[in-house]
Amino acid sequence: MVETQLIPRNIKDNRVIEAMLTIPRHLFVPEEALWSQAYSDFPLPIGEKQTISQPYIVALMTETLELKKTEKVLEIGTGSGYQTAILSMLADKVYSIERIGLLAARARKVLDSISCSNVVIKIADGTLGWPEEAPFDAILTTAAAPDIPQCYIEQLKVGGRLVIPVGGEYSQVLMKVVKTRGGVIKQEMGGCRFVKLIGRYGWKADFNNNGG
Ligand code: SAM
């Protein structure tokens, strides 16, 4: 996975590469029948109409955050917990929010099984952020928003970084946002396709399709 998918696509941060070599990705794929595909170049289903993201996207988003080991990071969309585990190796503490209780519980179990002890998960609407634990050095959103929720900017420290897919229901642009004293600096990182960020400042819940 690292040699054929990440390095050829220009993932350079050795700490990201080390984390992706270390965390056993297959454990985060709930269906054992899919374990043989767990290191392949595409997302996989994790139940509840949600997915574990493509390895390259996990690496790109993590590298873009430019985390230091002393930093505090907020993740929106725990999903399988795989991205959470990668973040936990690069940050001091990870706060992760998932709206679907079953996924949050399953992720907690897998993270505990690999002794990931610097992660706190809560079941809530992540479009509100986590004001009680703010400010954060970095925020990562692993579901697609129609617009950037303003509270994410408010909950970032000055110098803090936000990575978030923004756009329509079926395709988005991965955005990097840096908070400075004078405002925010936005950078487009390329096209992507994520499930929907559902909540007060995201998409409305849809009974036929939970996630997009
Ligand atoms: N990074 C995850 C992984 O590697 O498994 C993938 C996450 S999946 C693409 C997106 C997740 O965001 C889903 O589990 C979905 O339930 C969650 N989600 C969507 N809207 C949310 C919200 N408002 N708050 C918290 N989680 C949300």
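Read the figures in this text as sums done on the coordinates, not as results from a lab. In this text, all values refer to a predicted model and were calculated from it rather than measured experimentally. FYI the Cβ positions are ideal-geometry reconstructions off the backbone, even for glycines, and counts take in every protein chain you see.
Among SER80, SER40, SER171, rank each residue by its count of other Cβ atoms within 10 Å, from fewest to most, as a rough exposure measure.
The order, fewest Cβ neighbours first, is SER171, SER40, SER80.
Among LYS72/LYS122; LYS49/LYS72; LYS109/LYS204, which pairs are too far apart, with a Cα-Cα distance over 25 Å?
Correct reply: LYS49/LYS72; LYS109/LYS204.
Which distance in nm do the two modelled labels at GLN150 and ILE123 give, with both placed 7 Å along the Cα-to-Cβ direction?
Taking the simple label geometry, GLN150 and ILE123 are separated by 3.1 nm.
Tell me which residues come under 5 Å, amide H to amide H, from ALA124 once H is placed; ignore anything under 5 positions away on its chain.
Excluding prolines and chain starts, which carry no amide H, the hits are GLU98, ARG99.
Could you tell me which of PRO55, LEU90, LEU44 has its Cα farthest along the dipole of the chain towards the positive end, charges placed at Cβ (Lys, Arg +1; Asp, Glu -1), taken about the Cα centre?
The listed residue farthest towards the positive side: LEU90.
For the chain, what is the Kirkwood hydrodynamic radius in Å, using each pair of distinct C-alpha atoms?
16.9
Tell me, LEU34, LEU27, LEU67 in order of fewest to most beta-carbon neighbours within 10 Å?
By the 10 Å Cβ count, ascending, the order reads LEU34, LEU27, LEU67.
Could you tell me the distance between the Cα centroids of region 168-198 and region 7-50, to the nearest Å?
Centre-to-centre distance over Cα atoms comes out at 22 Å.
Within region 88-185, list the chymotrypsin sites (Phe, Trp or Tyr not before Pro) lying in a DSSP loop whose Cβ has at most 11 other Cβ atoms in a 10 Å radius.
When the chymotrypsin sites (Phe, Trp or Tyr not before Pro) of region 88-185 are filtered for loop state and at most 11 Cβ neighbours within 10 Å, TYR170 remain.
Please list, in chain and number order, the residues 5+ apart from LYS196 or on another chain whose amide H is under 5 Å from its amide H, with Hs placed from the backbone.
ALA144, GLY212
About its Cα centre, what dipole magnitude does the chain give when the only charges are +1 on Lys and Arg Cβ and -1 on Asp and Glu Cβ, stated in debye to the nearest 20?
So the dipole magnitude of the chain works out to roughly 340 debye.
Rank GLY199, GLY190, GLY168 by mean-square fluctuation in a GNM of the chain with C-alpha springs under 10 angstrom and give only the top-ranked residue.
Looking only at GLY199, GLY190, GLY168, the biggest GNM fluctuation is shown by GLY190.
For the chain, give me the percentage of DSSP beta bridges that are antiparallel, rounded to the nearest 5 percent.
50
Near the amide H of ALA138, under 5 Å away, which other amide H atoms are found, from residues 5 or more places off or on another chain, if H is placed in the peptide plane?
LYS72, LEU74, ARG161
In what sequence do THR62, THR22 fall when counting other Cβ within 10 Å, fewest first?
In increasing order of surrounding Cβ atoms, one gets THR22, THR62.
What percent antiparallel are the DSSP beta bridges of region 129-212, to the nearest 5?
70
Describe numerically, in nm with one decimal, the distance between label points set 7 Å from Cα along Cα→Cβ at VAL184 and at TYR170.
Each label point lies 7 Å from its Cα, and together they span 2.7 nm.
Please compute the contact order of region 2-192 in relative form: average sequence separation of alpha-carbon pairs under 8 Å and at least six residues apart, divided by the residue count, as a percent.
15
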